[in-house]
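**Student:** The structure's right below; bear with me while I get my questions together.
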Amino acid sequence: MKSRAVIPVAALCALLGAGVFSWWKARATPMPPGPAVTAVAPPTASPPRVGVPAPRRAAPTATPAAAASPATALPPMPGSLQDTEEDGSVQVDATGHLVVSPDLRRLFDYYLSAMGEEALPVIRERILASLRAKNLPAAAMDEAVRLLDDYLAYRDAARTFAANQHGAELDLSARLESLRELRREHLGAWADGLFGDEERVDAVSVERMKLQQDTTLTPEERERRISALDEQLPADYRASRDEALRALQQQTVERELVESGATAEDLRQHRLATVGPEATERLEAMDREEAEWERRLAEFRARREALGQSEPNPAARQAAVQRLLFDSFTPEERLRVEALDAIDAASGAP
């Protein structure tokens, strides 16, 4: 089984830099997934618990009690989720209550990544079936279902927010603050558990950008303030970032080697010497996957171009292009194609 990493909507732009982080992930030795439910010891050592529930609104589908009812028969897994392992996990504290953490959000997003392939009610039922299979305590199960419905409501509101902000004169800081308020409106105290670390990273990134643009600072003062900002980042994020930067440096060296005329064997020997045989094998597999992706993307664009020339009716042409896009790529891959198209359009590329 292969693992499936789910990419949050807020990180769409990071898709374009996926090479660096994929390279970093390839270096790491794969770890077996942890238990689906972990009893967390003292509350002081655990992530935020459910706490005060978010204000209740009309649920988009069923009430929490539906979680205890027998599951309806589900269709086969959608194509993008077949042969993958469920991402994320569910944790319960020592009192039997749900621990709200990014891992739980990742579990929700794993199934929600199939939007477009399946209707939302089917996806919701898949998530409920996954929760039932974990035999959660009654309190934790009730909290998980209520959180799921609040999370679905938040996602819907976030999509509406993004559509309404198209072309609006809001800077990045204002947009992030609006999203932060939207999360508290729909998720209440649960928002910190799901998004707290991400929001801290975003806040530091915004302040870092401001410091980079502040012409009144000396280089030394700017560097000092940036270093102080970095200390506010979550420790695991700092470790991941540092590892990714090392991967970026490795990629830079490899690119220079290729540009200087190094052969494939030269590159292989360099990798063996710097990252070891196991990581070298994974990197070579990634090279093949990236080459295959480039081939598929080029084929899709050629067929799309042909449709543009052969179909005079704009509506029929758009429908045919959409069918081609859905037939050619998974939901995550479609996001990447659309992001690449947007970058090409912004840069004036043909």
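The values are calculated or read from the model by the stated rules, or taken from the named source; none is laboratory data. Keep in mind that what you see is a predicted model, and the values were worked out from it rather than measured. Counting neighbours? That spans all protein chains shown, and the Cβs are built from the backbone with ideal geometry, glycine included. What goes into the accessible areas is simple: the full protein's heavy atoms, side chains included, and nothing from ligands, DNA or RNA. Shrake-Rupley method; radii C 1.70, N 1.55, O 1.52, S 1.80 Å.
**Student:** Could you tell me which numbered condition Thr263 fails, if it satisfies all but one of (1) open to solvent by 50 Å² or more (accessible area, probe 1.4 Å); (2) among the hydroxyl-bearing types (Ser, Thr, Tyr); (3) modelled with pLDDT under 85?
**Tutor:** (3)
**Student:** What pairs come out if I take residues in region 167-181 that are over 20 Å from Leu194 (Cα atoms) and pair them with residues that are open to solvent by 70 Å² or more (accessible area, probe 1.4 Å) and at pLDDT 80 or above whose C-beta lies under 8 Å away, six or more apart or interchain?
**Tutor:** Here the result reads Leu172/Met209, each pair linking region 167-181 to a residue that is open to solvent by 70 Å² or more (accessible area, probe 1.4 Å) and at pLDDT 80 or above.
**Student:** Applying the selection to region 73-87, what residues are closer than 21 Å to Leu335 by Cα and assigned to a loop (DSSP other than H, G, I, E, B)?
**Tutor:** Scanning region 73-87 gives Met77, Pro78, Gln82, Asp83, Glu86, Asp87.
**Student:** Sticking with this structure for a sec: With respect to the numbered conditions (1) open to solvent by 10 Å² or more (accessible area, probe 1.4 Å); (2) under 21 Å from Gly193 (Cα atoms), which one is the sole condition not fulfilled by Leu147?
**Tutor:** It fails just one condition, (1).
**Student:** Something else: Here are some conditions: (1) of a type in the set (Lys, Arg); (2) open to solvent by less than 60 Å² (accessible area, probe 1.4 Å); (3) at pLDDT below 95. Arg159 meets all but one. Which one does it not meet?
**Tutor:** Here Arg159 meets the rest and fails (2).
**Student:** Which residue is modelled with the highest pLDDT, if the candidates are limited to region 234-257 and must be open to solvent by 70 Å² or more (accessible area, probe 1.4 Å) and touching a helix residue (DSSP H, G or I) at 6+ places or on another chain (Cβ under 7 Å)?
**Tutor:** Restricting to residues being open to solvent by 70 Å² or more (accessible area, probe 1.4 Å) and touching a helix residue (DSSP H, G or I) at 6+ places or on another chain (Cβ under 7 Å), the top hit is Leu248.
**Student:** Now for a different question. In region 292-309, what count of residues is obtained for those that are open to solvent by 60 Å² or more (accessible area, probe 1.4 Å) and modelled with pLDDT under 90?
**Tutor:** 1
**Student:** What number of residues in region 320-350 are under 22 Å from Ser113 (Cα atoms) and either charged (D, E, K, R) or surrounded by 13 or more Cβ atoms within 10 Å (Cβ to Cβ) (or both)?
**Tutor:** Adding up the residues that qualify gives 21.
**Student:** Follow-up. Could you check region 169-196 and list, in sequence order, the residues that are at pLDDT 85 or above and among the charged types (D, E, K, R)?
**Tutor:** Those that are at pLDDT 85 or above and among the charged types (D, E, K, R): Glu177, Arg180, Glu181, Arg183, Arg184, Glu185, Asp192.
**Student:** Where residues in region 265-294 are in contact with a Ser or Thr (Cβ under 8 Å, 6 or more places away or on another chain) and touching a residue at least 24 places away in the same chain (Cβ under 8 Å), which of them is nearest to Thr252 (Cα to Cα)? Spell out how you get there, then give the answer.
**Tutor:** Restricting attention to region 265-294, the residues satisfying the condition of being in contact with a Ser or Thr (Cβ under 8 Å, 6 or more places away or on another chain) are 268, 271-272, 278, 286.
Next cut, touching a residue at least 24 places away in the same chain (Cβ under 8 Å) only: 278, 286.
Numbers: Glu278: 21, Met286: 17 Å.
Only one residue tops the list, namely Met286.
**Student:** Another question, then. Looking at region 79-94 only, could you name the residues that are touching a strand residue (DSSP E or B) at 6+ places or on another chain (Cβ under 8 Å) and surrounded by fewer than 18 Cβ atoms within 10 Å (Cβ to Cβ)? Give the steps one after another, and end with the answer.
**Tutor:** Of all residues in region 79-94, those touching a strand residue (DSSP E or B) at 6+ places or on another chain (Cβ under 8 Å) come to 83-85, 87, 89-94.
Hits for region 79-94 are Asp83, Thr84, Glu85, Ala94.
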